[in-house]
Amino acid sequence: MLTSDLYALHRTHHTFCKMLQMQKRSGEQQTGYLYGMKLWYTTSVHCVKHTNMRMNYINITDAIAVFAFLNYHLLLVQISLSLSSLPHCFSRHKRYCGPKKICSTEECDEAKKVFGNFLKTAKLPSFEEIQNVRIHNDVLQEISPQAIRMWIENQLLKKRKMSSCDRPSVVKQIRWSDVEKKSLCEAFSKHIHGTSLPSQSEILFSIEKFPELKNRSVKCIKTAIVNEKNRYKTG
């Protein structure tokens, strides 16, 4: 069945429900019901003409009987069941079958060899790219594209984890010399004994004034001032 026909049937179903609610409130139940049935039935016939399937739709006589007893909910349920019985889904996602994961050493080596470019560039291949390689590879032919893609993703995660472990997690701190401490206390005496911290411009000015502090960053100097303030309070 064409997607446009399915969409038309869904829209008719929606319009039909709205129309029933409006007609029921206004008291014109019979006219609204028959008009809604005609609209639904016309669209159903249009859909049937575009397909060779035998669809489980109720006929016009059953529908009028349902309307006579005001059991339009039953009609809506049957329409929904008819739509759900269609063999075609709206989802266009391709599904592949196969084992859930790569197990053997041969499969791992083959995957590294075939998808080495993706591992080097840290990029995940699409399912179509994996499928194109898989159908021509005897070793990976029994493995699903989902399993291969998950294996590549796990390899990239391991690679990132190993690279992060190689980085130094703790930066080695250089102890302050006596000359630096003396210059710090002399340059920021009022801040150490006061209640405020120096601004960035004040720290930069003090660095130019005291050459001993040139090897220290603004953040490092401000932290040292806070430590001196705490030491002064507790001492």
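The values are calculated or read from the model by the stated rules, or taken from the named source; none is laboratory data. Keep in mind it's a predicted model, so treat the numbers as computed, not measured. Methodologically, a virtual Cβ is constructed for each residue, glycine included, from the backbone with ideal geometry; neighbour enumeration extends over all protein chains shown.
Taking region 216-235, which residues are in contact with a helix residue (DSSP H, G or I) (Cβ under 8 Å, 6 or more places away or on another chain) and closer than 16 Å to residue 180 by Cβ? I'd like the intermediate steps shown before the answer.
At the first step, the residues of region 216-235 found to be in contact with a helix residue (DSSP H, G or I) (Cβ under 8 Å, 6 or more places away or on another chain) are 216, 218, 221-222, 224-225, 228-229, 232.
Once the filter is applied, which keeps residues that are in contact with a helix residue (DSSP H, G or I) (Cβ under 8 Å, 6 or more places away or on another chain) and closer than 16 Å to residue 180 by Cβ, region 216-235 yields 216, 218, 221, 222, 224, 225, 228.
Among (1) in contact with a helix residue (DSSP H, G or I) (Cβ under 8 Å, 6 or more places away or on another chain); (2) at pLDDT below 90; (3) outside any helix (DSSP H, G or I), there is one condition residue 108 misses while meeting the rest; what is its number?
(3)
Which is part of a helix (DSSP H, G or I), free of Cβ contacts under 8 Å to residues at least 12 places away in the same chain, of a type in the set (S, T, N, Q) and closer than 30 Å to residue 233 by Cβ, of 206, 201, 196?
On the way: 206 fails: free of Cβ contacts under 8 Å to residues at least 12 places away in the same chain; 196 fails: part of a helix (DSSP H, G or I).
Every option except 201 fails the conditions.
Which residues, taken from region 209-229, are part of a helix (DSSP H, G or I) and loosely packed, with under 11 Cβ neighbours inside 10 Å? Working first, answer last.
So the first thing to find is which residues in region 209-229 are part of a helix (DSSP H, G or I), and the list is 209, 211-213, 218-229.
Answer for region 209-229, where residues must be part of a helix (DSSP H, G or I) and loosely packed, with under 11 Cβ neighbours inside 10 Å: 211, 219.
Suppose the filter is surrounded by 10 or more Cβ atoms within 10 Å (Cβ to Cβ) and part of a loop (DSSP other than H, G, I, E, B); does residue 151 pass it?
No; evaluated as a whole, the condition is false for this residue.
Given 129, 142, which one is modelled with pLDDT under 85 and surrounded by 11 or more Cβ atoms within 10 Å (Cβ to Cβ)? Spell out how you get there, then give the answer.
Numbers: 129 fails: modelled with pLDDT under 85.
Only one candidate qualifies: 142.
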